[in-house]
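Since the structure comes first, as structure tokens, the remarks are kept for the end.
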Amino acid sequence: MIEGRPQHKTSAKLGGDMLATVSDQKNIQADRSSLLLEIQRRVLWLSVQLVHYANKVRENPDGSMVGGHQTSSASVVTILTSLYFEYMRVGDKVSIKPHASPLFHAIQFLLGNLNSEYLKTLRAYHGLQAYPSRTKDPDGVDFSTGPVGLGAIAPNFAALVDAYIKTHSFSHSSRRRRYISLVGDAELDEGSVWEAIAEPAMSDLENVLWIVDLNRQSLDRVIPGIRVRSWREMFAANGWRVIDIKYGKRLKAAFEEPNGELLRNCIDELSNDAYQRLLRLPPSELREWLPRKSRFPEDLSRFINRWNDEELQDLFWNLGGHDFDELREGLAKVDQKPGPAVVFAYTLKGWMLPSVGHPQNHSVILSDDQMEELRKKLDINEAQVWSGFDPESPGGRLCAEVRERLKDPIERKTEPLPFTIPKSLGISHRGLRSTQQTFGTILTALAREKPEIAERVVTISPDVASSTNLGGWINKLEVWRQTDREALPEEKEPSILKWKESPQGQHIELGISENNLFMALGQFGLSHEMVGETLFPIGTLYDPFVRRGLDAFFYSLYSGGKFIAVGTPSGVTLSTEGGAHQSLITQSIGAELPELSAYEPCFGQELEWIMMDALEQIRLRKRSTYLRLSTKNVDQKLLEVPTDPEARERLRQQVLMGAYRLVDRSKETDYEPGVNVVHLFACGALVPEAVEAGRLLQEEDILVNVINVTGPGPLYRAFQDSVHSAMMDEAAPPSFLEEIITPRERKVPVVSIVDGHPHTLAWIGSALGTRVLPLGVVGFGQSGSRADIYREHQIDVPSIMAACRRAVGS
């Protein structure tokens, strides 16, 4: 029989009465494995039943199959049962491979963490999600998975957060958590995986474990070649310990018999294609074909003759990933010494199911007849197909014991930090200043004026800290390193940037990987929920490379992380750097990502207000913030900040909502909406050009109201909210945009100007019910002076003036 196939019901008992002498240890281990087999059978049945009900029993409105990955779940049922019911301890965090979602929910149901009513809601509205989701599943998912490769690496960055928190004074946690990833072998094709594995900032982590489900299949095919050899080498080259759990006990025992090396060498040398094909052969044909794949076919034929056909097939199927004893021994090696470790656990995709090992079994759903056959094979009572264990049974007692053992009192912490973030730091913004420069000034002022807030700020950068104006912050608060750096002689020549590393540092420098940056931001942004300590993560990167980290950016927001991402420098305003460094579409990325407020301020005071609010949003666990900044110096006198407190606060609120009138011509005596008035919506670095164009057009009797769009994201969100309100209630209040533009001015033509794709603000005309001429960048850039590049893309002052003339029909 295959390891794990039910042979009889167990009467094993675990509990306080099993305290035993050393001589009883073998019996205890046998009882434990027997009980785990019973747990495993129930877990496998429930996971397959979840999918079967969703596809074959529940009425789906459009009549389509909803899927659910029964075979991918089956490959890791032994591994997950071993993890939850033996290996894991309180505080451990685990990432479940996406296609094992049904298994995770089955285990949570048995542990009492999921109400039975959810078992029939897989992939249904407000039900169990297709893939594990931190924010949408009801049963305590640690890491969202689904984007292939990202859920796998999230625990690495969570472990980095844990290590950071332990070295800082506000943390009193001594719990040693382990961060575990159960990874599908096909996920190792993802470049994001190897970027994370090679990340220098994580080289000192001690509590990271990956378990690779080596079933040798991807979605459409058998994985070609024997990839595990190169994977082992790549992990080892980056300092990981590599542990193989390849063969089960019975197969290993066969290898130890005289001439057993013939069988081992034959199986070891099989390609993935050959192994998977032989796996599905009838027993008699396996006996015929296996020797053909050996270098010594006659000798191997004689050796395997000691087993009958069925015994030989069961032996061939006896892999370590389905053997509790082998998993127990392999996982015990992980904790023998600190450092990241990877376990390659060999499994069968579709284990114990009719579709086991088939190259196209990924989306196969069992038929009613096959489900009935499986129920009998797993010894599941017909009246208990949706049941857990009797609380008084050995299985029920073990489930209760595991639930208590894994209960973490700080999980899902909800109370925010007991202080509020000030609306302003009182910084004086004068002269010619860029928003990137002001960003650095605000951080150092925060460290000076509000140390209780600043101590929880951690900045992160992919090797661009100095060029994104983090120098002052780093000089004051140092670079984080888990252990003290070796003593070195002091540099004789003074340096502007003092790169001092210590366990108390508050800046983390990553390698050049924007993907890693956003993964780190997401996990630092979940420190409140994951380990009970709120941090304020701020990541900086060159704005054009936001798009390179977009998958991880999206993943971190979807997972619920709260952070600030600073893209700088941005746009074709970064003229001399050429097209490769000029961002065109990042405004759209920021405006369209959920749970994110995207801003592009022009003036220092705007940025100060926005940053303070962004920190408060993190404290309240509400939204993340994306800042698109520039190195272009802007005369701060263009913004007259009111001295009256009420007027100042009103302006601050408008800045946070996304727009305000910077230049208002409505009081002019010759102001005639519909005749000589244009609304010019301008954003970020191009606001000065808009103001200058408006000044010059006044000489032509064209009056231009300049509306400074500080936040394209919040402005569009407010408009969209008003649309939804209008759909539900005809008496809904006007949108924020309509508050800026009075009813008398609604039909005034609009010109919009952005240093990016013009569709960023092109929707404003539709929102106001008038025509719009959107200006922006629609082609790749090149090197040159700022004047040359602005003229090339028709976003210079003359182009803005021409658009305004066209708008009023001049």
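Would you pick out the residues in region 382-395 that are over 15 Å from L119 (Cβ atoms) and in a helix (DSSP H, G or I)?
If the condition is that a residue be over 15 Å from L119 (Cβ atoms) and in a helix (DSSP H, G or I), then E382, A383, P394, G395 are the ones that fit.
Of everything in region 241-267 that's open to solvent by less than 20 Å² (accessible area, probe 1.4 Å) and under 40 Å from the mean Cα position of the chain (by Cα), which residue is nearest to I79 (Cα to Cα)?
I245
Condition check ((1) assigned to a loop (DSSP other than H, G, I, E, B); (2) surrounded by fewer than 24 Cβ atoms within 10 Å (Cβ to Cβ); (3) on the phi > 0 side of the Ramachandran plot) across all residues:
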| residue | (1), (2), (3) |
| --- | --- |
| T483 | yes, yes, no |
| Q504 | yes, yes, no |
| I512 | yes, yes, no |
| A520 | no, no, no |
| M530 | no, no, no |
| I538 | no, no, no |
| D551 | no, yes, no |
| G561 | yes, no, no |
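Considering only residues that are crowded, with 24+ Cβ neighbours inside 10 Å and aliphatic (A, V, I, L, M), which ones fall in region 67-102?
A74, V76, V77, I79, L80, I96, A100
Filter region 450-469 for residues that are polar (S, T, N, Q), out of contact with any Pro (no Cβ under 9 Å at 6 or more places or on another chain) and over 21 Å from S527 (Cβ atoms); which is modelled with the highest pLDDT?
Across region 450-469, the extreme among qualifying residues is N469.
Does R397 satisfy the criteria of being basic (K, R), in contact with a helix residue (DSSP H, G or I) (Cβ under 8 Å, 6 or more places away or on another chain) and open to solvent by 40 Å² or more (accessible area, probe 1.4 Å)?
Answer is no for this residue.
Going by the conditions given, is G395 among the small types (G, A, S) and over 30 Å from E529 (Cα atoms)?
Taking the combined requirement at face value, the residue satisfies it.
Looking at S169, S203, S192, S181 in this structure, which one is among the hydroxyl-bearing types (S, T, Y), in contact (Cβ under 8 Å) with a residue 40 or more places away in the chain and over 24 Å from G532 (Cβ atoms)?
S192
Name the residues in region 754-775 that are without any contact (Cβ under 8 Å) to a residue 24 or more places away in the chain and under 15 Å from V687 (Cα atoms), would you?
Of everything in region 754-775, those that are without any contact (Cβ under 8 Å) to a residue 24 or more places away in the chain and under 15 Å from V687 (Cα atoms) turn out to be P758, P774.
Being closer than 26 Å to H99 by Cα, open to solvent by 10 Å² or more (accessible area, probe 1.4 Å) and among the basic types (K, R) is the filter here, so list the residues in region 128-182 that pass it.
R134, K136, R178
Pairs only if they're at least six apart or on different chains, beta carbon under 6 angstrom, first in region 636-665 and free of Cβ contacts under 8 Å to residues at least 24 places away in the same chain, second open to solvent by 60 Å² or more (accessible area, probe 1.4 Å); list them, first residue then second.
P642/R648
Residues of region 448-469 being out of contact with any strand residue (DSSP E or B) (no Cβ under 8 Å at 6 or more places or on another chain) and either more than 21 Å from V546 (Cβ to Cβ) or not polar (S, T, N, Q) (or both), which ones?
R448, E449, K450, P451, E452, A454, E455
Say we look at region 78-106 and pick out the residues that are of a type in the set (A, V, I, L, M) and touching an Asp or Glu at 6+ places or on another chain (Cβ under 9 Å); which of these is nearest to V343 (Cα to Cα)?
I79
Let me confirm something: among V364, V343, V356, which residue is at pLDDT below 90 and in contact with a Phe, Trp or Tyr (Cβ under 9 Å, 6 or more places away or on another chain)?
So the residue among V364, V343, V356 that is at pLDDT below 90 and in contact with a Phe, Trp or Tyr (Cβ under 9 Å, 6 or more places away or on another chain) is V356.
Within the set of pairs 6 or more residues apart or between chains, which connect a residue that is among the polar types (S, T, N, Q) inside region 274-285 to a residue that is open to solvent by less than 60 Å² (accessible area, probe 1.4 Å) and modelled with pLDDT of 85 or more with Cβ atoms less than 7 Å apart?
S284/D309
So which residues in region 776-796 are closer than 21 Å to T631 by Cα and open to solvent by 30 Å² or more (accessible area, probe 1.4 Å)?
Across region 776-796, the qualifying residues are F780, Q782, S783, S785, R786, A787, D788, R791, E792, Q794.
Which residue, of D755, D788, is farther than 15 Å from A807 by Cα and part of a loop (DSSP other than H, G, I, E, B)?
After ruling out the rest, the residue left standing is D755.
Among what's in region 103-117 and is without any contact (Cβ under 8 Å) to a residue 60 or more places away in the chain and more than 25 Å from L150 (Cβ to Cβ), pick the residue that is least open to solvent (accessible area, probe 1.4 Å).
That would be N115.
Surrounded by fewer than 14 Cβ atoms within 10 Å (Cβ to Cβ) and either part of a loop (DSSP other than H, G, I, E, B) or in contact (Cβ under 8 Å) with a residue 40 or more places away in the chain (or both): does that describe P418?
Judged against the criteria, P418 is a match.
G472 fails exactly one of the following numbered conditions: (1) open to solvent by 20 Å² or more (accessible area, probe 1.4 Å); (2) at pLDDT 95 or above. What is the number of that condition?
It is condition (2) that G472 fails.
Residue-wise test of (1) farther than 25 Å from L327 by Cα; (2) in contact with a helix residue (DSSP H, G or I) (Cβ under 7 Å, 6 or more places away or on another chain); (3) modelled with pLDDT under 90.
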residue: I153; (1), (2), (3): no, yes, no
residue: H172; (1), (2), (3): yes, no, yes
residue: E190; (1), (2), (3): yes, no, no
residue: E206; (1), (2), (3): no, no, yes
residue: I211; (1), (2), (3): no, yes, no
residue: P224; (1), (2), (3): yes, yes, yes
residue: R229; (1), (2), (3): no, no, yes
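Counting just the residues of region 213-222 that are out of contact with any Ser or Thr (no Cβ under 6 Å at 6 or more places or on another chain) and part of a loop (DSSP other than H, G, I, E, B), which one comes out modelled with the highest pLDDT?
Per the stated criteria, the residue is R216.
The values are calculated or read from the model by the stated rules, or taken from the named source; none is laboratory data. Given the structure is predicted, the values throughout are model-derived calculations rather than measurements. All Cβ positions, even for glycine, are placed from backbone atoms using ideal geometry, and neighbour counts span all protein chains on display. In case anyone asks, the SASA skips ligands and DNA or RNA and just uses the protein heavy atoms, side chains included. Shrake-Rupley method; radii C 1.70, N 1.55, O 1.52, S 1.80 Å.
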